[in-house]
Amino acid sequence: MSLEPIIIVHGGAWAIPDSLADGSVRGVQVAAKAGYDVLRIGRSAVDAVEVAIMSMEDDPVFDAGVGSVLNADGEVEMDAVIMNGSNLKSGAVACVQNIKNPISLARAVMEKTDHTLIVGKGANRFAQEVGAVVLPTDQLVTKTARKEWEELMKFRTTVTTLFSQRYPPTDHVNQGHDTVGVVALDTQGNIAFGTSTGGITAKRPGRVGDSPIIGAGGYADNMTGGVSTTGHGESIAKVCLASHINHLMERGMDPQTASETALSFMAVRVQGSGGVVVLNNCGNPGKYFTTERMAWAWIKDDILHYGLNPGEDFSENVH
Ligand code: ASP
C-alpha cells in the first residue's frame, strides 16, 4: 500500500535577526520542496532527508555546511546525523572540517561502516575513503560568520567569561544558531530524520553539541515517528529531547502536544530553550519552539505550510 508522503524541515531555533528572516524562510521552503519531490517519485525517506539537508548545507544563510559558525579558534567544526527508522540504523560525524555536505558523510557512516559516530581526523580520513566532496575551509566560511566571530572575540578575555557574558546560564535564547533538520515519511511508511550544524559561535574547539547524538539531536523509529531538534545543545542533551518526544508519542500523545510538553519540560528542568519538528507514523506533523523564532516548513498533499514567528502558519500550493 502506498501512503501519502510528508516532509517537515527546520532552519534553527534562536533569536533570528530580521536580516536573516526572509532568507531562512526561503531556505526551509526550498529544502522542503526538494525533499518532497524525492518522496513523490517513490524514493526513500532517507534519500529525501539527505537531499533536503544538503540544500540547507549549501545555503549560506544556515549554520550548517557553507555558513557554519566559527569556534573560538576561528575554525569551522561541523556535526551531522542521519537515522533510518525502518531498522534504527544511524550514522553521524562530529567536529569535521572541510567537508561540503556533512550529512552525506553521516549517511556513509550509517551505510558503509559498523559504527554510529566518527569524529575529527578519523572522519576526515573516512571522507577521503568514500570520496566525499572536500572544500578548503575558507569556502565554508561566510562574511557573516567571520564578522560575528570577530565581534565576539573582541570582547573575549577567556572563552569561559565570553560564554558567561553572552550566554548567561539561565538564558540560552541566543545560543541556538540556524542548525538545520528534517524528518520525512515515505510512501512505504518509512521514517527518517537528519540534523546538521556548525554548532554555536566561539564554542570550545572539540565541543560537540546535541546534534549528532541519537536521542538528543533527533530520533526516527517507524513504530512511533521522527524528531529533529535545534537550540541550546547542552540542554537538549541533558533531557534527551528527541527520545523524550518519541516516548510521549509511543504513549499515544499527538506530535504537537508531545513537542510542547517536552520543550516545556526542558525549560523548567534545565532552563534551556530550543525547537523541534516532528512526525508521527500516521503522517501527522508537529512543530514548536521556545526561542523567539524558528523557520519551519512542511509539505503534504502538495500543500506547503511555513512560518517563522510564534503562531504563524501560512500555506500555499506547491504544484
Ligand atoms: N543544537 C546546536 C548545538 O548546540 C545549535 C542549534 O541548534 O542551533 O550545537
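All of the numbers you see were taken from the coordinates with simple rules; none came from a lab. Note that the coordinates shown come from a computational prediction; the quantities given were computed from them, not determined experimentally. All Cβ positions, even for glycine, are placed from backbone atoms using ideal geometry, and neighbour counts span all protein chains on display.
Between the amide H of Val277 and those of Ser228, distances stay under 5 Å, these residues lying 5 or more places away or on another chain, with hydrogens modeled in the peptide plane. Helical content alone sets the calculated 222 nm signal of the chain at -11000 deg cm²/dmol, taking -39,500 (n - 2.57) per DSSP H segment of four or more residues and averaging over every residue.
If R0 equals 41 Å, the separation of the Cβ atoms of Thr257 and Glu316 corresponds to a calculated FRET efficiency of about 0.95.
For Ala202, the residues 5 or more places off, or on other chains, whose built amide H falls under 5 Å of its own are Leu70, Asn71, Ala72.
Can you give me the angle between helix 18-40 and the longest principal axis of the chain, using Cα atoms only, in degrees from 0 to 90, rounded to the nearest 10? Relative to the chain, helix 18-40 is tipped by roughly 40 degrees. Label zone (Leu3, point 7 Å along Cα-to-C-beta; backbone nitrogen cut-off 16 Å) within the stretch 253-296: 253-256, 278-286.
Taking only alpha carbon atoms, the chain gives an Rg to Rh ratio of 0.94, where Rh is the Kirkwood radius.
Scanning residues 5 or more positions from Ile99 or on other chains, those with amide H under 5 Å from its amide H are Leu135, with H placed 1.01 Å from N in the peptide plane. Using the Stokes-Einstein relation with a Kirkwood hydrodynamic radius computed over Cα pairs, the translational diffusion coefficient of the stretch 175-221 at 20 °C and a viscosity of 1.002 mPa s comes to 178 µm²/s.
Multiplying the sequence separation of Thr144 and Lys238 by 0.36 nm and subtracting their Cα-Cα distance, what value in nm do you get?
Length gained between Thr144 and Lys238: 30.8 nm.
Reported to two decimal places, what Rg/Rh ratio describes the stretch 208-253 when computed on Cα atoms with Rh from the Kirkwood expression? Across the stretch 208-253, the Cα-based Rg/Rh ratio is 0.98. Along its principal axes, the stretch 27-132 has C-alpha extents of 43, 34, 21 angstrom, given from the largest down.
Give the lysines whose C-alpha is closer than 22 Å to that of Lys100, dropping any in the same chain fewer than 8 places away, or say none. Within the straight-line cut-off, Lys100 pairs with Lys33, Lys112, Lys121, Lys143, Lys147, Lys203.
With Cα atoms defining each centre, the stretch 1-78 and the stretch 182-219 are spaced 11 Å apart in the structure.
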